[in-house]
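Scroll down for the structure; my scribbles are underneath it.
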């Protein structure tokens, strides 16, 4: 888009004009002007994704291309997860740690070949991540920041596959979660087709040239209309990921919250020879706090930063909270003392008033392949 990445002015994704034309409520987010919701509102958008399908602009996300004979070595040093056994077309979730074990960001790594990978970065961390990566890349690795050349659209929901198939009959689609096809064609637009998402539903993320993003967006909305597809904003994206208990950087994960504290131990392979932050995580030992789920049983909504009390003693803080549209009751994630057990009754300080809650197992919502949900 030719935008100055060092400018303090909010940038626009390739879909900005489409959002305004569709009545999107535009807000600044992670350096971009993005729709927080459309006319039907957050709850309607949330339920569309749970029951049918929703379309999200995620072009604000960052992309870094890794190539060269040492690309894998660079990624292995940067990432907590084990990447050496990846197959072409496979995707892995990982965390970038600093030397103290705190999180620089959480990312997705796509393998094209043994010496060519793509890393997808959180928008708010884009510039910081690129600087971190460049500072730690190994000789023989070329890292290219392609964020401004790429548009990204997320098609999410139980009818997502039907919509893509109707729009591009005969186009193969990735069959398994966390796999991708590097070169597909949807509505005449060449794109990478990834079976990933941030909603807890089945779905796809489509990467294409920035200049073709608007045409792809229009084609998807038109093809998806008979299936109940609607455009969705940041509000629904947040409530959906919270129901699915997916961490959000700056809330459940940060430079002050390690991936082990965030409950991401599955993606931290301590048996790897090394990665940045490994020794610090080992020295810390078992986490003394951990991410937990709360079902609010009293009257009130838990919000970020609210204190949580167990047996009258402060035991941690809420990191994210909302009224869960699909579940019908308020939920929250919190960083709590590790001694607080599932099933414990706690209290949340909601603006000076103690509100009762129960510690419950995560996730709050889980899709099952039959199309029904587990709550």
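Bear in mind these aren't lab numbers, they're just calculated from the coordinates by the rules spelled out. Everything numeric in this text was worked out from a predicted model, so none of it was measured. Neighbour counts run over all protein chains shown; Cβ positions are idealised from the backbone, glycine included.
Key figures for this structure:
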| read-out | value |
| --- | --- |
| Label-to-label distance, nm, for residues given as residue 317 and residue 90 (7 Å Cα→Cβ offset) | 3.8 |
| Spatial separation of Cα centroids for region 219-269 and region 75-154, in angstrom | 18 |
| Where labels lie 7 Å past Cα in the beta-carbon direction, separation of residue 20 and residue 146 in nm | 2.9 |
| Considering only the chain, percent of DSSP beta bridges that pair antiparallel, nearest 5 | 95 |
| Inter-label distance, nm, simple model (7 Å from Cα along the C-beta direction), residue 360/residue 82 | 3.5 |
| Gaussian network model of the chain, springs between alpha carbon atoms under 10 Å - residue of 222, 201, 347 with greatest fluctuation | 222 |
| Highest-MSF residue in the chain out of 231, 172, 182 [GNM, Cα springs under 10 Å] | 172 |
| Three-way shape call for region 155-226 based on the alpha-carbon gyration tensor, with the a/c threshold at 1.5 | rounded |
| Cα convex hull volume per residue for the chain (Å³) | 141 |
| Cut-off 15 Å (backbone N to label point 7 Å along Cα→Cβ of residue 309), residues of region 315-352 | 315-318, 345-352 |
| Three-way shape call for region 225-370 based on the alpha-carbon gyration tensor, with the a/c threshold at 1.5 | oblate |
| Burial ordering of 270, 292, 335, 323, fewest other beta-carbon atoms within 10 Å first | 270, 323, 335, 292 |
| Region 288-367 shape via C-alpha gyration tensor axes, a/c threshold 1.5 | oblate |
| Contact order relative to length of the chain, as percent, for alpha carbon pairs under 8 angstrom and 6 or more apart | 17 |
| Fluctuation leader among 359, 350, 313 - the chain, Gaussian network, Cα springs under 10 angstrom | 313 |
| Residues in region 313-328 that a label on residue 43 would reach, taking backbone N under 12 Å of a point 7 Å out along Cα→Cβ | 323-328 |
| Average silhouette area of region 209-306, convex hull of alpha-carbon atoms, in square nanometres | 11.1 |
| Per-pair calculated FRET efficiency, R0 = 45 Å: residue 27 and residue 183 via Cβ, rounded to 0.05 | 0.85 |
| Extended-chain gain in nm, criterion 0.36 nm per residue less alpha-carbon gap, residue 342 and residue 283 | 18.6 nm |
